[in-house]
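Q: Next up is a structure, given as structure tokens.
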Amino acid sequence: ETREKLRNELGIDRMLKDIEPLVEGSMEGAERVSEIVQNLRIFTTPQKRENEAFDLVHVLERSISWVVKAAKFKPQMTTQFPASLQLVNNEGYVHQILINLIQNAFDAISEVASPSLNIRISQDKTLAHIRIKDNGKGISKENLLKIFDPFFTTKAVGSGTGLGLYISYGLATEQCQGDLQVHNLHEGGVEFTFSLPLDNKS
């Protein structure tokens with residue numbers, strides 16, 4: 001009886017009921033911090049190998065396949081690629097950037113009634129351009145100015161670190177000597193353009 005009284009006074013049952021969501025929240029926070037640290041380590045690790053020739057089309061197709069296999073839904077996808085396109089650059093960084101951009105596009109259309117993506121490659125004399133267009137809700141003018149800032153995200157708490165586009169921009173411009181831009185489309189959605197030099201021997 002004394003034990004039950006003490007149990008009620010201290011609110012032991014209420015505490016036990018609250019423990020599970022508290023632990024789940026702590027685990028989610030720990031996973032989020034771990035992901036942030038891993039991304040920062042990737043971003044700050046110096047380039048350890050020289051740039052090499054590779055087929056951009058093959059790397060892009062592999063990146064699309066990875067994201068599609070992990071996705072919970074299958075959007076309508078249209079692609080416009082040449083048979084192949086040889087570049088001299090860091091294949092690992094290019095692959096990481098493409099994964100981030102494609103995953104970001106999937107996130108943008110996850111709640112759209114008829115999700116669709118258009119991914120195409122074009123080139124001029126010195127650059128290759130990968131354009132990834134989605135039919136999501138688009139990005140507000142205010143957020144468009146901050147989209148590549150560190151830790152900026154419009155996703156729900158726990159579902160994004162706000163580092164994917166920041167890291168992608170840094171890798172694209174500094175490591176790959178290219179560029180990464182984004183703009184809203186008149187018909188809705190956004191288009192990211194990832195530009196790479198055809199020959200980056202630096």
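Q: As a test question: what accessible area, to the nearest 10 Å², does residue 7 have when a 1.4 Å probe is rolled over all protein chains in place?
A: 90
Q: Local charge sum around residue 109 (other residues, Cβ-Cβ under 10 Å, Lys/Arg +1, Asp/Glu -1)?
A: Taking every Cβ under 10 Å from that of residue 109, the sum is -2.
Q: Would you please put 166-177, 12-23, 92-103, 184-195 in order of how densely packed they are, using the mean number of other Cβ atoms within 10 angstrom per residue and starting with the highest?
A: 92-103, 166-177, 184-195, 12-23
The values are calculated or read from the model by the stated rules, or taken from the named source; none is laboratory data. No experiment lies behind these values; they were computed from the predicted model shown. With ideal geometry, Cβ positions are generated from the backbone for all residues, glycine too; neighbour counts draw on all protein chains shown. In case anyone asks, the SASA skips ligands and DNA or RNA and just uses the protein heavy atoms, side chains included. Shrake-Rupley method; radii C 1.70, N 1.55, O 1.52, S 1.80 Å.
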